[in-house]
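The values are calculated or read from the model by the stated rules, or taken from the named source; none is laboratory data. Quick caveat: nothing in here was measured; it's all calculated off a predicted structure. All Cβ positions, even for glycine, are placed from backbone atoms using ideal geometry, and neighbour counts span all protein chains on display. These accessible areas exclude ligands, DNA and RNA; they are computed on the full protein's heavy atoms, side chains included. Shrake-Rupley method; radii C 1.70, N 1.55, O 1.52, S 1.80 Å.
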Amino acid sequence: MARPTIISKTPQHLRVPPNLPLERPPFSWSQAAKELEGLPGGGVNIAHEAVDRQVRRGLGSKTALRIVRKRGPAQDISYAELSSRTSRFANVLQTLGVAAGEAVFSLLGRQAELYVAVLGTLKAGRVFCPLFSAFGPEPIATRMGIGEGRVLVTTQRLYERKVRSMRDQLPTLHHVLLVSDGDADVVISDADAAAGVRSWDALLASASPIFQTAATTAETPGVMHFTSGTTGKPKGALHVHGAVVLHQSTGRSVLDLHDDDIYWCTADPGWVTGMSYGIIAPLCCGVTSIVDEADFEAERWYRILAEQQVTVWYTAPTAVRMLMKAGPELPKRFDLSSLRFAGSVGEPLNPEAVWWGQEVLGRPFHDNWWQTETGGIMVANTAAMPIKPGSMGKPVPGIDAAIVSVGDDGHVTVVTAPDVEGELALKPGWPSMFRTYLHEPARYEKCFKGGWYLTGDLARRDDDGYFWFVGRADDVIKSAGHLIGPFEVESALMEHAAVAEAGVIGKPDEMAGNIIKAFVVTRPGIERTPALRDELLGFSRTRLGPAVAPREIDFVDDLPKTRSGKIMRRLLRSRELGLPDGDVSTLEGSAP
Ligand code: AMP
């Protein structure tokens, strides 16, 4: 089949003459905010914009969420139902005495209760933090400890498997609301009841469906997401209600959402994409959102696209690669003609995947870039511009992005020449920018230099103003689209009695982008057997969960370190891949 004409290089007539500024339509955040309603007293609240405003606009009976169950018919929740259920949950939080600003955590799959918990918490003016349900007990306890979780909404099964054993490490956790696993009613013993465990269903049933939205402002904290750095504990990036202005504007300008769209964001709300673009943006744009309860399965995904007549689809490169691997015959069995726009985020999207989208789905993938800290999409290939396959696109309206170089003295220089590699930086001031890392103001301040927010990503900008991803400036790992801090994995491994030291890297993988690989130095006298390797794999999987645990472990005699004792993961990685070591002047034992 001849390749369709997606623009792989901007055609001459669309090019910006070199001496003109890049063309930008007039845009201001205050103008964008006018698309929203705001609260009567002048404040802003995400849940109001996403749900109650839509009911007032006359969309009450429209399906807000269609949850495609693992088995059985889909469950439809209208905007009006979502409004009353979220009001009930807001009332529950008030009755439980959860104070404004206190944190409600969830550990749930993609099920109705998760969406109600998020939006009900925001309506009540409390802070919401979703946890990925594939996390093991340790990542859960670490994050709830840092975030001082007051309430946890989870299922009975997840509570038993992942939380109960950690409960004594969570002194701030006063209330655990158990959702039924579907096949059995929630059972709560007297001892559990005394420890604050309650039935979600019972609490919601007895709460009023009417609640006056909390008087939050644009700067009131609303959502917290944990992200990882190279060292130290995970960081709780705090976002405010005013972020909704960007969610709504990028929902329109990047995802091209229109009122009658059927939209499917495949990201789990345990990660930022599933929150900003799986919950907030689509509801703010008044569309019907598809939620798939089940995990990836190629045939199932094609079936959902076809049967639900999805018009706008937002997914991730790992999933696209898995669909590509499933072969070209499978999609031919489905009518995918409803699809109008396909977007991708989270990892580099190779040009082949863009072409494949065009050839197999009839639509090219539009890559876009952002991260937990930015709260929403910053750089994108939009429907309104030519796609350059392999590029992340251009800054979205309202966003100033640049390639900068940071000198050893911390001085930031903006690189104006095209095609020069440097750090991707953003001018602070967009509404969804994180406002702090919880309890770690110094770590937050370090992200800002010379009037720029430094993203930690290396990129280049071409002479048409498109940005191209080069790599991470640090050692964090993207595996199947999830950002993983090597330190968290190393720390868990070192809790095993046989382990003296561990170094963790991302090892390139055709499907997942990277898999987690650990290099382990054993304690003296420990025999390095295949059985010990298996035990360590199992040990870390139980503690960290499958999304975070290493998939490969090698035993080594020692780890390369800097003279100040930091593990040089970069060297572990280059040696694993048979690449040159590069600069080793800081390596311990090297000539000074
Ligand atoms: P997270 O904070 O988990 O959303 O991860 C953000 C990181 O994912 C970014 O800093 C990038 O390293 C990577 N990332 C996100 N989108 C893209 C993209 N379109 N291309 C390449 N890398 C991306």
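Observations on the model:
- Within segment 257-268, being touching a Phe, Trp or Tyr at 6+ places or on another chain (Cβ under 8 Å) and not aromatic (F, W, Y) holds for L257, C265, T266, A267, D268.
- Test: residue in segment 365-373 that is assigned to a helix (DSSP H, G or I), touching a strand residue (DSSP E or B) at 6+ places or on another chain (Cβ under 7 Å), among the polar types (S, T, N, Q) and within 10 Å of the ligand (Cβ to nearest atom): yes
- Odd one out for A202, checked against (1) touching a His at 6+ places or on another chain (Cβ under 9 Å); (2) open to solvent by 30 Å² or more (accessible area, probe 1.4 Å): (1)
- Count of segment 157-194 residues which are open to solvent by 50 Å² or more (accessible area, probe 1.4 Å) and of a type in the set (K, R): 3
- Single match in G343, G274 (criterion: in contact with an Asp or Glu (Cβ under 7 Å, 6 or more places away or on another chain) and within 30 Å of M433 (Cβ to Cβ)): G274
- Boolean, G270 is within 16 Å of the ligand (Cβ to nearest atom), in contact (Cβ under 8 Å) with a residue 40 or more places away in the chain, in a loop (DSSP other than H, G, I, E, B) and not assigned by TED's automatic domain parsing to the domain that holds Y115: yes
- Checked against the criterion of being farther than 18 Å from T231 by Cα, part of a loop (DSSP other than H, G, I, E, B) and within 12 Å of the ligand (Cβ to nearest atom), segment 497-517 has no qualifying residue.
- Out of A459, A502, A497, A492, sole residue that is open to solvent by 50 Å² or more (accessible area, probe 1.4 Å) and over 19 Å from the mean Cα position of the chain (by Cα): A497
- Candidates A492, A459, A473: the one that is touching a strand residue (DSSP E or B) at 6+ places or on another chain (Cβ under 9 Å) and away from the ligand (no atom under 15 Å from the Cβ) is A492.
- Complete set of residues in segment 523-550 that are open to solvent by less than 20 Å² (accessible area, probe 1.4 Å) and hydroxyl-bearing (S, T, Y): S540
- Restricting segment 316-326 to residues that are away from the ligand (no atom under 16 Å from the Cβ) and either at pLDDT below 95 or in a helix (DSSP H, G or I) (or both) leaves a set whose member that is least open to solvent (accessible area, probe 1.4 Å) is L323.
- Within segment 342-364, being among the small types (G, A, S) and more than 12 Å from the ligand (Cβ to nearest atom) holds for A342, G357, G362.
- For segment 462-479, taking the residues that are surrounded by 21 or more Cβ atoms within 10 Å (Cβ to Cβ) and part of a loop (DSSP other than H, G, I, E, B), the one that is farthest from the chain's Cα centre (by Cα) is identified as Y466.
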